[in-house]
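Here is the structure we will look at, set down as structure tokens.
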Amino acid sequence: MYDAQIDDLFLMALHSNASHAHWWNDAEPVWVTAEKRDLKSAVYWWDGCQVMIQGKKPTKCEEYANYWVWGKVNKDTLNAMTEILDKFQKDNFRLGLVYYEAVDANGHFRGPDSADRVQSLKELILSWTAYKMK
């Protein structure tokens, strides 16, 4: 997306322009709403969490990582889910978000109700269950 008034191009994710605050100022992500209310939030790999929006950032932000070249994405995702639950119990966090590209990408390419998107979500849940049973 291009904004002629400020002569800036927005490209999601791994592009440095995605961190320019003016792209985000008219939005209020849920973590900003939480932080405005003094509720701690942990956001993992969600593009935009690295940007100061309306004077707020999540208490913890792991910046977006390229899923397609991220060798340990499944293990790291499961670790993040565990870390969030620990933060709820030990550090008084009230909001936790983990972006998992497999679910999102299948929703975009195959549709939100597609069998592929549902399957990627089921696989994540099964992996989480097996991971927690170890």
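Computed values, structure above
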item: Odd one out for D3 among (1) under 26 Å from L121 (Cβ atoms); (2) surrounded by fewer than 14 Cβ atoms within 10 Å (Cβ to Cβ); result: (1)
item: Unique match (being surrounded by fewer than 18 Cβ atoms within 10 Å (Cβ to Cβ), at pLDDT 85 or above, outside the structural domain of L126 (by the TED database) and on the phi < 0 side of the Ramachandran plot) among K60, K56; result: K56
item: Yes/no for E35 being at pLDDT below 90 and surrounded by 18 or more Cβ atoms within 10 Å (Cβ to Cβ); result: no
item: A42 surrounded by fewer than 17 Cβ atoms within 10 Å (Cβ to Cβ), touching a residue at least 24 places away in the same chain (Cβ under 8 Å) and either of a type in the set (A, V, I, L, M) or not assigned by the TED database to the domain that holds S120 (or both); result: no
item: Residues of region 85-134 that turn out to be without any contact (Cβ under 8 Å) to a residue 24 or more places away in the chain and among the aliphatic types (A, V, I, L, M), as a count; result: 9
item: Residue within region 51-72 that is among the β-branched types (V, I, T), assigned to a strand (DSSP E or B), touching a Cys at 6+ places or on another chain (Cβ under 9 Å) and farther than 19 Å from K132 by Cβ present; result: no
item: I84 in contact with a Gly (Cβ under 8 Å, 6 or more places away or on another chain) and either modelled with pLDDT under 85 or outside any strand (DSSP E or B) (or both); result: yes
item: In region 78-126, the residues that are on the phi > 0 side of the Ramachandran plot and of a type in the set (S, T, N, Q); result: N92
item: Members of region 35-51 found to be under 15 Å from the mean Cα position of the chain (by Cα), among the aliphatic types (A, V, I, L, M) and farther than 20 Å from L78 by Cβ, listed by number; result: V51
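The values are calculated or read from the model by the stated rules, or taken from the named source; none is laboratory data. The structure presented is a predicted model; accordingly, all values stated were derived computationally and were not measured. So basically every Cβ, Gly included, is an ideal-geometry build from the backbone, and we count neighbours across all protein chains shown.
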